[in-house]
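Written out below as structure tokens is the structure these notes cover.
The values are calculated or read from the model by the stated rules, or taken from the named source; none is laboratory data. Keep in mind the model is a prediction, meaning the values are calculated, not measured. Here the Cβ positions follow ideal geometry from the backbone for every residue, glycine too, while neighbour counts run over all protein chains shown. Side chains included, ligands, DNA and RNA excluded: accessible areas come from the protein's heavy atoms. Shrake-Rupley method; radii C 1.70, N 1.55, O 1.52, S 1.80 Å.
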Amino acid sequence: SYPGKSIGTFAYSETTQPPDIDVADNVSITLTAAGNYMKKLTDPTDPGNAGIMANLNGWLNKTENVHFWAHYWTTGMDSCLTPYARTVIEAFSELKALGFKGICGETRPPYWPSQRLFFYALARAGWDNSLSFDDILDDYCNEAYGPAASAMKSYYLLYESRIYANVPSLSIN
């Protein structure tokens, strides 16, 4: 009950499920979850992500100010390229259509060099969620690598395809 003031809080750990009480209009919720990002969050065939989506929809029924903050790293993968940027970007417009306000990934400073593409993709999709991941990847490689853009794009696509082909799940659960 603080008119004219926005209040933000995290729905984290034991509080990821929306409460039975009403949420004031000036409260902004950032849902935090960890799941299997090898599939889109909106993919109903993934049981782990189905739970995340149930909580997200529950919060959307409580307030229009819902954001999604995910743990986008997996033990042992912290310093590697983020291979699931494609699925996050593919789900972005679907999540936005559901009513959520934004998405942010989580990282730590030592891992920024390996996750630049991931965060660049999130930022670009935030400005224009009609962009495909391939459009964003082309733009990123051209901006970041100049004359080596084609080789770096090939490297990223090979890395991504090998992860998807050989790792059944990157879930930390």
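At 7 Å along the Cα-to-beta-carbon direction for both L98 and W127, put a label point, then send me their distance in nm to one decimal.
The answer from the label model is 2.6 nm.
For the range 22-32, what does the Karplus curve 6.51 cos²θ - 1.76 cosθ + 1.60, with θ = phi - 60°, yield as ³J(HN,Hα) per residue in whole Hz, taken in order and with x for Gly and Pro?
Listing the rounded values in order: 6, 10, 4, 4, 8, 9, 10, 9, 10, 6, 10 Hz.
What is the percent of Cα-Cα separations in the range 3-60 that go past 12 Å?
So the pairs more than 12 Å apart make up 67 percent of the total in the range 3-60.
Suppose accessible area is computed on protein heavy atoms with a 1.4 Å probe; arrange F119, F133 from highest to lowest.
If we order F119, F133 from most to least accessible, we get F119, F133.
If the cut-off is 27 Å between C-alpha atoms, which lysines fall inside it for K153, apart from same-chain ones fewer than 8 positions away?
Within the straight-line limit of under 27 Å, K153 reaches these lysines: K39, K40.
If you rank Y140, Y145 by how much accessible surface each has, with a 1.4 Å probe, what is the order from largest down?
Y145, Y140
Gain in length, T9 to S114, computed as 0.36 nm per residue apart minus the alpha-carbon separation, to one decimal in nm?
34.9 nm
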